[in-house]
Amino acid sequence: MAMGYVRAYVFILVPAFFCETAVYCASIPTSSQSAQSKPKGFGTAKRAVIIGVDGLGGAHLRNVTDYYPTFRSFFEQGSYTTRARGIFPTSSGPNWCSYLTGLDIMEHGVFDNTWNPASGNPDKETSYSIPPVTGRGRPETIFSQVKKKDPNLQTAMMFTWSWLKYFAVNNTDIDVWHWGGEGVTCGSDIAKCYHLKDTSTVLAAKANLVQNNPILTFIHFDMVDLAGHNKCWGCPLYYHALKSVEMKIKLLIDALNQTQDSSGQPMLDGTLIVIVSDHGGWRNTHGFNKPFSALVDIPILIRGPDALKNNSLESKYVSNLDVAATVLNAIGVEKSEFMRGQVLEQIYP
């Protein structure tokens, strides 16, 4: 027994003792070998822009893409799916929160549109709310991760839906934010009203992109969802609203293409752009107890540096939780330990 013990002991020590000889050291991993490699696409973009189109159902976009050249450009020049899945319920608050945090509903605690930051700090265990896994109050966001990497990196959030103020107001992780409804007076023409709000949002986003060059910008348009609720998903007003939003997206793309960065290259060349949505709809609502494809199928369209072109993800499972991880990865920021989504490495060669 003693002899066996000594032989085993020597066997363990020999590789370390003779580490200067390659034959023994070859099997010992170096720190660089043992370090986890970065996902594909890490740090390939100088900046990222997430464009959220509220209420844009994947089924409603799928069959009309030929009529919308700016949307079609994402199919031709990037990676795309119209069959991505959001989280349930198919309401705006929980799903936009998942884009902003990379967390599912049980992690971020936003169960419906009545949520506010106080909901994340319940006073007792029997309260009808739960604190986020990132800590009490407002959940940590993609902007939090950017600031953890470098507090000097610029971030921005421009939106039409006022509920998103809960993530912007008094949030030191966001350098510039703008609510499109500020100063907009609505009359009887609700569609025109939301067009004006979305216009205010896009102009603020454009100005900030060109002037401040933020590394991460989140933009939210609300007119398509308004049209669905006001008339119906798939009605003429719905597609009129989609055309209006498309023109605003084109305005942003043109501005990025016409503005040079510090290296003298068009900003567009170094920008990852992701178009997303929170839910689809049926007739004039999306509040059904049981989900079906017209509600849950959502588009995720991606174009940018090193991303594959004409790359369909339709047959692959893509979740809205993957957007946060993928966007952060592209701008060289690691996702947080809490984020559930995965980097969509299949958008890269």
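The values are calculated or read from the model by the stated rules, or taken from the named source; none is laboratory data. Computed from a predicted structure; not experimentally measured. Cβ placement follows ideal geometry from the backbone for every residue including glycine, while neighbour counts extend to all protein chains displayed. Side chains included, ligands, DNA and RNA excluded: accessible areas come from the protein's heavy atoms. Shrake-Rupley method; radii C 1.70, N 1.55, O 1.52, S 1.80 Å.
About the Cα centre of the chain, how large is the charge dipole given +1 on each Lys and Arg Cβ and -1 on each Asp and Glu Cβ? Please answer in debye to the nearest 20.
In total the dipole reaches around 300 debye.
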* Could you work out how far apart the two model spin labels at Gln211 and Asn289 are, taking each label as a point 7 Å from the Cα in the direction of the beta carbon, and quote it in nm? => 5.1 nm
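Multiply the residue separation of Ser129 and Lys148 by 0.36 nm, subtract the distance between their alpha-carbon atoms, and state the gained length in nm to one decimal.
On the way: separation 19, 0.36 × 19 = 6.84 nm, distance 2.75 nm.
Full-extension gain reported as 4.1 nm.
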* Which of the lysines could be linked to Lys40 by a straight reach, that is with a Cα gap under 21 Å, when you skip same-chain ones fewer than 8 residues away? -> Lys149, Lys309, Lys316, Lys335
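Quantify, in whole percent, the carbon and sulfur part of the accessible surface of region 54-190 (1.4 Å probe; protein heavy atoms only).
Values: 2900 of 6060 Å².
Carbon and sulfur atoms account for 48 percent of the accessible area of region 54-190.
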* To do: In nm, give the distance between the simple-model label positions of Thr259 and Asn113, each being 7 Å from the Cα along the Cα-to-Cβ direction.
  => 3.1 nm
* Which of the peptides 261-272, 178-189 is most tightly packed, and how do the rest follow, going by the mean number of other Cβ atoms within 10 Å of each residue? -> 261-272, 178-189
* To do: May I ask you to compute the full-extension gain from Glu314 to Cys235, defined as 0.36 nm times their residue separation minus their alpha-carbon distance, rounded to one decimal in nm?
  => 26.0 nm
* To the nearest 10 square angstrom, how much accessible area does Lys165 have with a 1.4 angstrom probe? -> 60 Å²
* **aspartates and glutamates whose Cα lies under 16 Å from that of Lys147, excluding same-chain neighbours fewer than 8 positions away** => Asp173, Asp175, Glu334, Glu337
* Once the Cα gyration tensor of region 249-349 is diagonalised, what are the square roots of 5 times its eigenvalues, in whole Å and ordered largest first, as equivalent ellipsoid semi-axes? -> 29, 18, 13
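With a 1.4 Å probe and all protein chains left in place, how much accessible area per residue does the chain have, in Å²?
Numbers: 16720 Å² over 349 residues.
On a per-residue basis, the chain sits at 48 Å².
What is the sum of charges, Lys and Arg at +1 and Asp and Glu at -1, for the other residues whose Cβ falls under 13 Å from the Cβ of Ile190?
Working: positive: Lys192, Lys197, Lys231; negative: Asp189, Asp198, Asp222, Asp225.
Counting the neighbours of Ile190, the net charge comes to -1.
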* Structure fact -> With a ≥ b ≥ c from the Cα gyration tensor eigenvalues, square-rooted, and the rule rounded for a/c under 1.5, otherwise prolate when a/b > b/c and oblate otherwise, region 91-146 is oblate
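Under a Cβ-Cβ cut-off of 14 Å, what is the net charge of the residues other than Pro305 that fall near it, where Lys and Arg count +1 and Asp and Glu count -1?
Numbers: positive: Lys40, Lys46, Arg47, Arg303, Lys309; negative: Asp261, Asp269, Asp306.
That works out to +2.
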